[in-house]
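The values are calculated or read from the model by the stated rules, or taken from the named source; none is laboratory data. Please read all numbers here as calculations on a predicted model, not as lab measurements. A quick note on method: Cβ atoms are made from the backbone with ideal geometry, for glycine too, and the neighbour counts reach across all protein chains shown.
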Amino acid sequence: MDDERIAVDPDLHRPNDPDYPDDWQSETTSIGSSIYKGMMENGRRYQSLRNEEYCVPADDQQFEAYEAGHLLALILEANTDNPLFRSPVGNNPKHILDLGTGKGNWAIDVADMFPNATVRGVDLFPPPVSWMPPNCVLEVDDALREWTWREPFDLIHMRIMTASWTDSEWDRIYQQCYNNLQPGGWIEQLEAIPPVECDDGSLPSDSILNTWGPYTMDCARKAGRELNAMDIMTEKIRQAGFVDIHVKEYKWPIGPWARDQQFKEAGMVQLHHWLSGMDGWCMWLLTKFGSPQPWTKEEVQIYVAKLRKDIKNPRYHTYQKAKRVWARKPFPDEISKVHIKKEDIE
């Protein structure tokens, strides 16, 4: 993947192009419970289920980012028979779990795909949805607690869960997944890593975008929640006992600079993903663990404004690395042997 560059569209898009909005508009449901109100800090709302803080907000703006991330994943799998996941669960799965469901988009779409299955979406904060399929259940729960679901799952899915847990907590999560899958069931995870990449030198070395990855990853390390889920998940899934491990790597372009139509569409959505998400991705980290001392809210806002300016520059051919892993729980009589199949994007 690293040696294959995304071809650039020579027709430049101007920064004042109407296709470069600053925000998406969204409709969310207003709920008055104390859980929905959450904890307010620096103008952002965070989950209130756990005693300890969680570094990503749970508010309308962040749910917009989740929705864009869902659409991005679909676009880059549009050429497959099933753009929602790669795990070969067959045509009649019975029980599916989506950990860290966010706004619930993935769980709702999968429930529509398999009307005879029960699809559960679980997160620390209630998703702001007013309707869902009858076979979809969105629950507020902490995956680190003991799992109490009675039926084993055919598929357990996770996406963009980096910084959700500490290293030891990740081990516990994967073991929980293993224990709660039926033999032959699948785990699937899609993750990205923060640093902004560029293959053709179009991003200047002094661009503020080059500071984004180091800043956020250093802060997360200080918080004990490293942003390296993409790098560690394959080996941790293997260590948990899964077999038949598959890996697919991606380049997610930021902005519609690519010549290929699929990458162009993905880049447009990824731009929205970043514009709506970056304030939430760094506000807690930088105000708690910024260097040389924690940043103020205003300092973070100025930093994000500068990031926005550069990330919307169509002359910067930037992208983000991502990876999908799917693996199977072995049958009792099966010899535990891991086989990794790596697929690079075109």
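Within the stretch 221-256, which residues are of a type in the set (Gly, Ala, Ser) and either surrounded by fewer than 20 Cβ atoms within 10 Å (Cβ to Cβ) or in a strand (DSSP E or B) (or both)? Those that are of a type in the set (Gly, Ala, Ser) and either surrounded by fewer than 20 Cβ atoms within 10 Å (Cβ to Cβ) or in a strand (DSSP E or B) (or both): ALA223, GLY224, GLY241. Here the stretch 90-120 is the region considered, the condition is being among the aliphatic types (A, V, I, L, M) and farther than 16 Å from ARG150 by Cβ, and the residue that is surrounded by the fewest Cβ atoms within 10 Å (Cβ to Cβ) is MET113. Within the stretch 60-70, restricting attention to residues that are within 21 Å of VAL137 (Cα to Cα) and surrounded by fewer than 21 Cβ atoms within 10 Å (Cβ to Cβ), the residue that is nearest to the chain's Cα centre (by Cα) is GLU67. From the set of residues in the stretch 259-279 that are surrounded by fewer than 22 Cβ atoms within 10 Å (Cβ to Cβ) and in contact with a strand residue (DSSP E or B) (Cβ under 7 Å, 6 or more places away or on another chain), which is farthest from GLN320 (Cα to Cα)? Selected residue: ARG259.
Here VAL119 fulfils each of the conditions (1) within 21 Å of CYS55 (Cβ to Cβ); (2) not in a loop (DSSP other than H, G, I, E, B) apart from (1). Any idea which of (1) among the small types (Gly, Ala, Ser); (2) farther than 20 Å from MET233 by Cα; (3) over 16 Å from the mean Cα position of the chain (by Cα); (4) not in a helix (DSSP H, G or I) is the one ALA111 doesn't satisfy? Checking ALA111 against (1) among the small types (Gly, Ala, Ser); (2) farther than 20 Å from MET233 by Cα; (3) over 16 Å from the mean Cα position of the chain (by Cα); (4) not in a helix (DSSP H, G or I), the one that fails is (4).
Consider the stretch 221-230 and keep the residues that are touching a residue at least 60 places away in the same chain (Cβ under 8 Å) and out of contact with any helix residue (DSSP H, G or I) (no Cβ under 6 Å at 6 or more places or on another chain). The one that is nearest to VAL56 (Cα to Cα) is ARG225. Working carefully through the options THR216, THR211, THR234, find the one that is out of contact with any helix residue (DSSP H, G or I) (no Cβ under 8 Å at 6 or more places or on another chain), closer than 23 Å to LEU275 by Cβ and of a type in the set (Val, Ile, Thr). On inspection, the qualifying residue turns out to be THR211.
Could you please find all residues in the stretch 200-220 being in contact (Cβ under 8 Å) with a residue 12 or more places away in the chain and assigned to a helix (DSSP H, G or I)? Answer for the stretch 200-220, where residues must be in contact (Cβ under 8 Å) with a residue 12 or more places away in the chain and assigned to a helix (DSSP H, G or I): LEU209, ASN210, TRP212, GLY213, PRO214, TYR215, THR216, MET217, ASP218, CYS219, ALA220.
Note on the stretch 169-225: residues that are modelled with pLDDT of 95 or more and among the basic types (Lys, Arg) amount to 1. Can you tell me which residue among GLU197, GLU169, GLU188 is crowded, with 20+ Cβ neighbours inside 10 Å, out of contact with any helix residue (DSSP H, G or I) (no Cβ under 8 Å at 6 or more places or on another chain) and charged (D, E, K, R)? It is GLU188. Exactly one residue out of GLU188, GLU169 is farther than 19 Å from PHE85 by Cβ, under 21 Å from the mean Cα position of the chain (by Cα) and among the charged types (D, E, K, R), and it is GLU169. Just one residue in the set SER87, SER168 is in a helix (DSSP H, G or I), of a type in the set (Gly, Ala, Ser) and within 23 Å of LYS236 (Cβ to Cβ); that residue is SER168.
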